[in-house]
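Notes to accompany the following structure.
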Amino acid sequence: MNIQPLLDALGLQEDAARAMADDLRTQIGELQARLREAETHLDHLAITRKTVTALADRVPAQTASPDLPEHPDHVRILAVFNEAAGPLRARDVCEALDHELLPKHIEGTRAKLKCLVKLELLTASGPGSFTRKQ
């Protein structure tokens, strides 16, 4: 009986299994490196949390002033209005801030403009138009 074809087929399967095992070992090595990075990042976050918590006891409590904008973009928006000669629309503010003129950006800016109106830093000078409160 000639078993050579059977041995050849077995050899092919062994080569394929060896290649798969090598690939899996490589993937495991890469995953272990990524896991070490994630664990290091978690350690750093835990240290930061501990430091911030320890410092929070030393810093005097500050009350938020209703006259100050809450969102970082509010300051940039107010700067745009300081340079403006007249009323601006949400689209105009987006252009001035170099935001893409996508509906989501325009609507987000409009919401921030309305917030600034509530804070009495801007006034609604017409439907969709806003000016700096004098």
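Brief remarks follow.
- Hits in the range 101-116 - residues which are within 19 Å of Glu83 (Cβ to Cβ) and in contact with a Phe, Trp or Tyr (Cβ under 9 Å, 6 or more places away or on another chain): Leu113, Leu116
- The residues of the range 81-112 that are modelled with pLDDT under 90 and touching a strand residue (DSSP E or B) at 6+ places or on another chain (Cβ under 8 Å), listed by number, are Phe81, Asn82, Ala84, Gly86.
- Listed by first and then second residue, the pairs linking a residue in the range 107-132 that is assigned to a helix (DSSP H, G or I) to a residue that is charged (D, E, K, R), with Cβ atoms under 6 Å apart and 6 or more places separating them unless they lie on different chains, are Lys112/Asp73.
- Selected residue (criterion: surrounded by the fewest Cβ atoms within 10 Å (Cβ to Cβ)) from residues of the range 77-134 that are basic (Lys, Arg) and within 20 Å of the chain's Cα centre (by Cα): Lys104
The values are calculated or read from the model by the stated rules, or taken from the named source; none is laboratory data. Being a predicted model, the structure only gives us computed values, none of them experimental. For neighbour counting, all protein chains shown are included, and Cβ atoms are generated from backbone atoms with ideal geometry for every residue, glycine included.
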